[in-house]
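As structure tokens, the structure follows; a few thoughts come after it.
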Amino acid sequence: MQAIKIRAHVGSDGVLNLAVPIGMYNQDVETVIVVQSVMPAGGAINANGYPIDFWEQIDIIQADDLIERPENNRFYQELKQ
């Protein structure tokens, strides 16, 4: 069994056309198709491919919220020498 993940576009006719090379020939296969929208229906995207309100929907890390990592003493000491 193979799991193949692809990204495709549904045309204005509502039909998804797939041509997926799988490396098998002259065989019957059972196929399961799971369709998941990658953005809200009718959602506009910007020039970078993100939904228009993408950055407003996520939490931005503030400079005061940075996570401090303790030094790895042995490694840090070796680098100092």
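Whether any residue in region 32-39 is hydroxyl-bearing (Ser, Thr, Tyr), loosely packed, with under 10 Cβ neighbours inside 10 Å and either at pLDDT below 65 or within 23 Å of MET1 (Cβ to Cβ) (or both) is what I want to check. Within region 32-39, not a single residue is hydroxyl-bearing (Ser, Thr, Tyr), loosely packed, with under 10 Cβ neighbours inside 10 Å and either at pLDDT below 65 or within 23 Å of MET1 (Cβ to Cβ) (or both). Considered as a group, the residues in region 1-41 that are over 22 Å from the mean Cα position of the chain (by Cα) and among the charged types (D, E, K, R) include one that is farthest from ILE52 (Cα to Cα), and that residue is ASP28.
The values are calculated or read from the model by the stated rules, or taken from the named source; none is laboratory data. Because the structure is predicted, anything quoted here is derived from the model rather than measured. For neighbour counting, all protein chains shown are included, and Cβ atoms are generated from backbone atoms with ideal geometry for every residue, glycine included.
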